[in-house]
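See below for the structure under consideration.
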Amino acid sequence: MISIKTSDFNSIKPFIEKMYIPPKSSHKGQNGRVLVIGGSSLFHSSSLWSAEIASYFVDIVHYSSTVENNIIFLNLKKKFRNGIVVAQKDLPDYIKEDDAILVGPGMLRKNSNDKIQMTNEIQNSNDKFENIIQISDEGEYTYQLTKYLINNFPNKKFVFDAGTLQMMDKNWLLKLKEKPVITPHQKEFEELFGIVIEKQNVPDKVQTVKETAKKYNCVILLKAVVDIVSDGEKSYIIEGGNSGLTKGGTGDLLAGLVLSLSAKNNQLAASILSSYFLKKSAEALFIKRGYWYNINDLIKVIPKVISGIVNKI
């Protein structure tokens, strides 16, 4: 277990030194293309926050959601360096061309009993993409779309978050040839893997996360007071931040950061850096605002904080 602290720059320095920085000779599209799939009729903002923060760090952000969310995204497009709404029917084409895909922020799920009943009913159902996008039940849509993406694009870099984690089958992760990143909080970890981790002490949590990441061939970024990141071989704890990060939406920003950094970095490094950057940004805001900042404040300060950190190298 390796400890990374926001108070100790040397602890993160090896990752900063290897972090992808856009070369001076690069042109549009070479510094990352990502796709955000999320949102629902109930949760509009989550996937938009993920897309917005990603737009600061990659060349092109593709975004696909409900019709309502797509309209909101178009209205916000002037804020983005690149923000392109993708029709659901065209998702497979964009998945093929983009470097990394985030699935899940703001997507709906069902409760455990409904999920069990649903999966038993539809596990043998038609999984053609044109049928999936016609599904009206949003929890079922989350389940079927996630299953389709994993089965049909096993070589892509995926980040799974929020609703997707609460609807997917953990064994699907084993079908992926490229290790995905999953970003659960402690209850989502329990929901996905059936392991109660919340009451464990930090060393035990680290061991549980490491063993689970190894078993299911993934990178786990467990969100807690102390974040834990493991790829099943190496494990890290990231300490710092403050209680302002308990606000709804910070997990969506974290997922968007992981997505954008995964485009040109390996998934383990992207997860460690994203956790560190978010915590460091919360500390920067605390100086002027205390705990009383919101998601928009974080979105504005994160690029400044990252720039300051990178410039130390």
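At-a-glance table
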quantity	calculated
Subset tally (residues that are in contact with a strand residue (DSSP E or B) (Cβ under 9 Å, 6 or more places away or on another chain) and in contact (Cβ under 8 Å) with a residue 40 or more places away in the chain) for the stretch 221-251	15
Conditions (1) surrounded by 23 or more Cβ atoms within 10 Å (Cβ to Cβ); (2) over 17 Å from the mean Cα position of the chain (by Cα); (3) aliphatic (A, V, I, L, M); number of the one not met by residue 174	(1)
Strands (runs of 3 or more DSSP E) enclosed by the stretch 210-313 - at least 1 residues per element that are among the polar types (S, T, N, Q)	227-230, 235-239
Helices (runs of 4 or more DSSP H) completely within the stretch 1-113 that count 3 or more residues being under 24 Å from residue 310 (Cα atoms) and free of Cβ contacts under 8 Å to residues at least 60 places away in the same chain	9-18
Selection status of residue 197, in a strand (DSSP E or B), farther than 18 Å from residue 157 by Cα, modelled with pLDDT of 95 or more and not acidic (Asp, Glu)	no
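Conditions (1) at pLDDT 95 or above; (2) under 19 Å from residue 225 (Cα atoms), marked per residue:
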position: 129; (1), (2): no, no
position: 150; (1), (2): yes, no
position: 155; (1), (2): yes, no
position: 203; (1), (2): yes, yes
position: 210; (1), (2): yes, yes
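The values are calculated or read from the model by the stated rules, or taken from the named source; none is laboratory data. Keep in mind it's a predicted model, so treat the numbers as computed, not measured. Because the Cβ atoms are built from the backbone with ideal geometry, glycine has one as well, and the counts that use them run over all protein chains shown.
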